[in-house]
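Novice: Can you read through this structure? Questions will come right after.
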Amino acid sequence: MKTTTEIRSDFLEFFRGKGHTIVPSAPLVPANDPTLLFTNSGMVQFKNVFLGSEKLGFVRAADVQRCLRAGGKHNDLDQVGYTARHHTFFEMLGNWSFGDYFKEDAIAWAWELLTKVWKLPAERLLVTVYHTDDEAFAIWNQKMGLPAERIVRIGDNKGAPFASDNFWQMADTGPCGPCTEIFYDHGAHIAGGPPGSPDEDGDRFIEIWNLVFMQFDRQPDGTLLPLPAPCVDTGMGLERLAAVLQGVHGNYEIDLFRHLIGKAAEYTGTADLGNKSLRVIADHIRACAFLIVDGVLPSNEGRGYVLRRIIRRALRHGWMLGQKGPFFHRMVAPLVEVMGDAYPELTAKRDFVERALLAEEERFAETLDAGMRIFDEVAARSKGVIPGVDAFRLYDTYGFPVDLTADIARERGLSVDMEGFDAAMEQQRETARAAGKFGNAATMPAELAAQLAPTQFLGYEQLSADGLEVLA
Ligand code: ATP
Ligand code: MG
Ligand code: MG
Ligand code: MG
């Protein structure tokens, strides 16, 4: 059986052999990119290279990039625990051409790695191409010998949250282009149709690798300007690939997750290893630990609030399993065991990460139990919808981020009145503003007030209440 560790090195060695320079993973917090909350794919650190404003000393690169999809254009937080294939934090194997090779080599090498090196049966694989991309279709069909019925033409995403979409973009603006994606068929015993079919969002055909042909720079008004040179940007989910190579269906069954889930079960006193909450905890410890490694701490705004929200979701899952004491920080040690070699920065900051998580656990422990009682009371008298004022009370008094309340509601077949929540939030802001006008300002010397003003956050202008929107 191939371990995830071996898969990482197989991938890098393969592309090193094709003349690629191996580069390290960038942090989860993008350097100098105000349009992006988190690194959500391998290409983020190369954005300016695609745009032509930065030059590297090489034209081919490969790496294993840590990614987070818990905010902004790519957000999979609500998928975690519900599909076999989505994480908040995951590792993306990627190879790039900066104005060097293009469609033909990118496709041929992907095929070679999958079917020759890793010996995946070709008949289990099928691909999609952008609906107008006859060139990619012909390469798959004529050069790789893939029968036409296993090459699906797909257009732009018209709706469903993760419906196939063969035009990839990192964010609302920036580098983008048509792509071709490779899917693995896990077998007819699993529900779900092939890409492009009405039931494609099942977990039978799982997308493993996306090869993007970067050709455009999308402007704020939507127009597409050509990039200085066509580039290749590929991304393959390590965990999805490991599932295929280890002969299991779901990402949570691979070696790395088995270890984390086993420990989560031990620390929460859970016998059933298939319990969904264990998967969520195992997912969330990776996101939280690496966010802290990359300099984010729990707070009430921006990236820190995304971190706080993920931690609190994990704690609530522990609580559901009957673990009311601190346990989440204990997950750092097993995480270091499975990922510390690949990410020495995690090993180096282990103590710090544990302490930061424990502090947040202790803070939330004070209100979680009481908040859950309030939730139950409200749920019992609500008619399918948790009123906004109650969601706001849970937020304001009990530290329940509104997406946590929505997540609990969803499990019980309820929803939350989000507009009502926003209105309650706005009303509190008004009250605070009015109080500020007549209170603080009148008594505090201007100079002191200026010193105490919160430091201006330059990354992005403002986050919505749930902290998910990224404003350019
Ligand atoms: P999906 O359609 O399954 O949500 P995607 O099309 O959003 O995936 P891409 O943006 O094309 O994914 O990213 C490239 C690759 O990264 C995917 O082919 C997949 O292998 C992996 N990947 C994407 N999102 C996740 C995730 N949330 N968890 C684990 N792996 C992921
Ligand atoms: Mg997706
Ligand atoms: Mg997809
Ligand atoms: Mg994709």
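Novice: Can you compute the helix-only [θ] at 222 nm over the chain? Use -39500 (n - 2.57) per DSSP H run of at least 4 residues, normalise by all residues, nearest 500 deg cm²/dmol.
Specialist: After summing the helix terms and dividing by the residues of the chain, the value is -12500 deg cm²/dmol.
Novice: Could I ask something else about it? Relative to the Cα centre, what is the charge dipole magnitude of region 325-432, using +1 at the beta carbon of each Lys and Arg, -1 at the beta carbon of each Asp and Glu, and rounding to the nearest 20 debye?
Specialist: 200 debye
Novice: Can I ask one more? Taking the alpha-carbon centroid of each part, what is the distance from region 186-203 to region 250-288 in angstrom?
Specialist: 25 Å
Novice: How much area per residue is accessible in region 236-330 when the probe is 1.4 Å and only protein heavy atoms are counted (Å²)?
Specialist: Working: 2800 Å² over 95 residues.
That works out to 29 Å² per residue.
Novice: Using modelled amide H (1.01 Å from N, peptide plane; none on Pro or chain starts), what sits under 5 Å from the amide H of Gly202, excluding residues fewer than 5 places away?
Specialist: Gly193
Novice: Over the Cα atoms of the chain, what Rg and Dmax result, in angstrom?
Specialist: Rg and Dmax of the chain, Cα atoms, are 23.4, 78 Å.
Novice: Helix 402-411: angle to the longest alpha-carbon principal axis of the chain, degrees 0 to 90, nearest 10?
Specialist: For 402-411 against the chain, the angle is about 70 degrees.
Novice: Calculate the length of the line joining the C-alpha centroid of region 31-53 to that of region 83-114, in whole Å.
Specialist: Computed from Cα coordinates, the inter-centre distance equals 17 Å.
Novice: To continue, here is another question. What ³J(HN,Hα) values, in whole Hz, does the Karplus curve 6.51 cos²θ - 1.76 cosθ + 1.60 give for region 263-273 when θ = phi - 60°, with x put for Gly and Pro?
Specialist: 5, 4, 5, 4, 6, 10, x, 10, 8, 7, 5
Novice: Moving to a separate point now. With a 1.4 Å probe and all protein chains kept in place, how do Asp422, Asp133 rank by accessible area, largest first?
Specialist: Values: Asp422 80, Asp133 10 Å².
In descending accessible area the options line up as Asp422, Asp133.
Novice: Right, something else. Let me check against my output: what whole-number percent is the relative contact order of region 237-342, with C-alpha pairs under 8 Å and at least 6 apart?
Specialist: RCO, region 237-342: 27 percent.
Novice: Got a sec to turn the phi values of region 388-398 into Karplus ³J(HN,Hα) couplings, 6.51 cos²θ - 1.76 cosθ + 1.60 with θ = phi - 60°, whole Hz, x for Gly and Pro?
Specialist: Those phi angles translate into x, 5, 6, 4, 5, 4, 4, 5, 6, 9, 10 Hz.
Novice: Going by amide H atoms built from the backbone, whose H comes under 5 Å of the H on His186, apart from near neighbours?
Specialist: Phe205, Ile206
Novice: Sticking with this one: Would you list, by chain and number, the lysines whose Cα falls below 18 Å from the Cα of Lys276, excluding same-chain residues fewer than 8 positions away?
Specialist: Lys263, Lys324
Novice: May I have the pair-distance distribution P(r) for region 264-357, computed from all Cα-Cα distances with 10 Å bins from 0 and rounded to whole percent?
Specialist: With 10 Å bins starting at 0, P(r) equals 17, 50, 30, 3.
Novice: Kirkwood hydrodynamic radius of region 1-120 from all distinct Cα pairs, in Å?
Specialist: Over region 1-120, the inverse of the mean reciprocal pair distance is 15.7 Å.
Novice: Right, here's the next one. Using only the alpha-carbon atoms, how far is helix 418-438 inclined from the longest principal axis of the chain? Give it as 0 to 90 degrees, nearest 10.
Specialist: The angle comes out near 50 degrees.
Novice: If amide H atoms are built 1.01 Å from N in the plane of the peptide, which residues on other chains or at least 5 residues away come under 5 Å of the amide H of Trp168?
Specialist: When sequence neighbours closer than 5 places are left aside, the close amide H contacts are Gly177, Cys179.
Novice: With a/c under 1.5 counting as rounded, go ahead and sort region 59-199 into rounded, prolate or oblate using the C-alpha gyration tensor (a ≥ b ≥ c being the square roots of the eigenvalues; past the cut-off, prolate if a/b is larger than b/c, else oblate).
Specialist: Here region 59-199 falls in the rounded category.
Novice: How much of the accessible area of region 194-341, probe 1.4 Å, is carbon plus sulfur, in whole percent?
Specialist: Details: 2440 of 4910 Å².
Reported share for carbon and sulfur atoms: 50 percent.
Novice: Of all trypsin sites (Lys or Arg not before Pro) in region 375-428, which ones are in loop regions per DSSP and have a Cβ with at most 14 other Cβ atoms within 10 Å?
Specialist: Lys383, Arg412
Novice: In debye, nearest 20: dipole of the chain around its Cα centre with unit charges on the Cβ of K, R (+) and D, E (-)? It would help to have the intermediate numbers written out before the result.
Specialist: On the way: 48 positive and 65 negative charges, 140 e Å.
For the chain, the charge dipole is close to 680 debye.
Novice: In whole Hz and in residue order, list the ³J(HN,Hα) couplings for region 126-132 that follow from phi through the Karplus curve 6.51 cos²θ - 1.76 cosθ + 1.60, θ = phi - 60°; x for Gly and Pro.
Specialist: 9, 10, 10, 10, 5, 4, 9
Novice: If you rank Glu13, Glu207, Glu239 by how much accessible surface each has, with a 1.4 Å probe, what is the order from largest down? Each step should come with its number before you reach the end.
Specialist: On the way: Glu13 95, Glu207 55, Glu239 5 Å².
Ranked list, largest accessible area first: Glu13, Glu207, Glu239.
Novice: What percent do you get for the relative contact order of the chain when only Cα pairs under 8 Å and 6+ apart count?
Specialist: Dividing the mean separation by the residue count of the chain yields 14 percent.
The values are calculated or read from the model by the stated rules, or taken from the named source; none is laboratory data. For clarity, every value in this text was computed on a predicted model and none was experimentally measured. Cβ: placed from backbone, ideal geometry, glycine included. Neighbour counts: every protein chain shown. What goes into the accessible areas is simple: the full protein's heavy atoms, side chains included, and nothing from ligands, DNA or RNA. Shrake-Rupley method; radii C 1.70, N 1.55, O 1.52, S 1.80 Å.
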